[in-house]
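What follows is a short report on a single structure.
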Amino acid sequence: MASSRLRVAVIGAGAAGLCSARQILSRSLNFEPPVVFEMTDHVGGTWVYVEEPGNIDSTHSSMYRDLRTNLPKEIMEFPDFPFDPYLPSFIHHSEVLKYLEEYTDKFSIRPHIKFSTRVVSIYPVLGGQERVSWKVVSSSRGEEVLEKFDAVMVCVGHYSHPYIPDIDGIKDFQGQVLHSHFYRYPEVFSSRSIVVLGSGPSGVDIAIELSTHAKWVTLSHRGPPLNWTPPENVSMAPPVVSATQKALICEDGSKIQADTLIFCTGYKYHYPFLLPSEGEMAAHENVLDWGFLDGEDMESFDLGTGHLPPLYKHLIHARYPTLCFIGACKIVVPFPLADCQAQFFLLVLEGKCPLPPPEQMLSESRTEFREHQNSGLPLKYLHRLGPRQWEYNRWLADTAGFRPLAPVLEKLYEAVREFRGVNPATYRKRNIRILSREEFEMQTEVTQEADV
């Protein structure tokens, strides 16, 4: 007799994929053990540090040598698996990888991971069935295998393919140009004059780290003035918009004499396995088709700019609700959010959390897309949640009926965000203690940083 349990494919064994697999394994009455496809030979995704980065296709991780988390471990952890309480609040990236490895073994996920296996293509099996199923083609050691699944959870992250804006004349610039994806340590930039383009968390951290070795660092950005005092050899400038052989030209026309440009401009979504080949295109619908955009809209639609197919609640494909994207949201606390998303999706598959009809989900996705377009914000910001993540997480929990995240996480997130904004060079020296689901305690005195 065929099993009535659902078979789910999980793409990626980073934090989101591990969390999804753990949640599937906890529901053995309704789900078969997951099949986790991982293209590398280890778990951890972007948290696996690579000392010598290669090209874009061989370098998945964006970790640099001395990176420490910009969020305290107390809000980073999965709800059912705490970090070692003896660690400082802001930890070295190696401790996060160790945490994910321990999580993998604690919940017996490793036996269900197909390591060194690349997913070649995923496409829906269309027909008269009640719900869409999926064919997944994977490749390992040159051999391709086709398998069928009832659902697919895409968990590949969004920190592996850099987004690099168009800079007029950049090909003529004689200095070094790289993206932060390939940055590893500051010593190799000793005595240089460096422009860091972008003032997000990575841009600020790298600029401060470079200041200990570089001759001069210019932090070039479009946002409002930064309300913190930079190191003596760090200055601010408007965004770089063009280049000559030996200078970078800012939006206000000013020129910066520099020998290095580092893009800290974020990343693109990269899901090549969702793009059918020419042969498949004739037989199968394109999973990345928005389904409701007219020709004019499609001209502006580009997965590389940072927005995904028509997602209901930034999670479930509105046309194919047995396909979801775990952890695709940006400017969030990723581990707890992934846990909420995974629980929500699996409860949907179990029939315990009914979704609206596809037409309604498509309509909501279309409305959200139009409102974002009309706001004037770049399309790559469509899935940025920021402060909205907490309301989003509560909605997932309340709608599906699982325990919501502790309210203290939001309070702590906002406190750290505010402190980081005025003390980016020192905020990691503080330690936090969770007192209850509602309250936390932050040390007021700066303590000595732990060795890593």
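The values are calculated or read from the model by the stated rules, or taken from the named source; none is laboratory data. What you see is a predicted model, and the numbers here were worked out from it, not measured in a lab. With ideal geometry, Cβ positions are generated from the backbone for all residues, glycine too; neighbour counts draw on all protein chains shown. Calculation scope for accessible area: heavy atoms of the full protein, side chains included, ligands and nucleic acids excluded. Shrake-Rupley method; radii C 1.70, N 1.55, O 1.52, S 1.80 Å.
Some points to look at:
- Residue ID - surrounded by the fewest Cβ atoms within 10 Å (Cβ to Cβ), chosen from residues in segment 384-406 that are free of Cβ contacts under 8 Å to residues at least 40 places away in the same chain and more than 18 Å from Q343 (Cβ to Cβ): P387
- Among (1) open to solvent by 40 Å² or more (accessible area, probe 1.4 Å); (2) at negative phi - the single one P88 does not satisfy: (1)
- Residue among S121, S139, S133 that is over 24 Å from M76 (Cβ atoms), among the hydroxyl-bearing types (S, T, Y) and free of Cβ contacts under 8 Å to residues at least 24 places away in the same chain: S139
- Residue count, segment 187-227 (criterion: in contact (Cβ under 8 Å) with a residue 60 or more places away in the chain and open to solvent by less than 20 Å² (accessible area, probe 1.4 Å)): 9
- Evaluation of V287 against (1) at pLDDT 90 or above; (2) part of a loop (DSSP other than H, G, I, E, B) (one fails), failing number: (1)
- Of the residues in segment 338-352, at least one is under 14 Å from G17 (Cα atoms) and either open to solvent by 20 Å² or more (accessible area, probe 1.4 Å) or hydroxyl-bearing (S, T, Y) (or both).
- Residue in segment 79-99 that is of a type in the set (V, I, T), assigned to a loop (DSSP other than H, G, I, E, B) and at pLDDT below 95 present: no
- A214 being modelled with pLDDT of 95 or more and either in contact with a His (Cβ under 6 Å, 6 or more places away or on another chain) or part of a loop (DSSP other than H, G, I, E, B) (or both): yes
One line per residue, one yes/no per condition, for (1) modelled with pLDDT of 95 or more; (2) in contact with a helix residue (DSSP H, G or I) (Cβ under 8 Å, 6 or more places away or on another chain); (3) exposed (fewer than 15 other Cβ atoms within 10 Å of the Cβ):
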| site | (1), (2), (3) |
| --- | --- |
| G376 | no, no, yes |
| L379 | no, yes, no |
| L382 | no, yes, no |
| V408 | yes, no, no |
| P424 | no, yes, no |
| T447 | no, yes, yes |
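- Among the residues of segment 233-255, those that are assigned to a strand (DSSP E or B), farther than 17 Å from I164 by Cα and open to solvent by 50 Å² or more (accessible area, probe 1.4 Å) comprise M236, K255.
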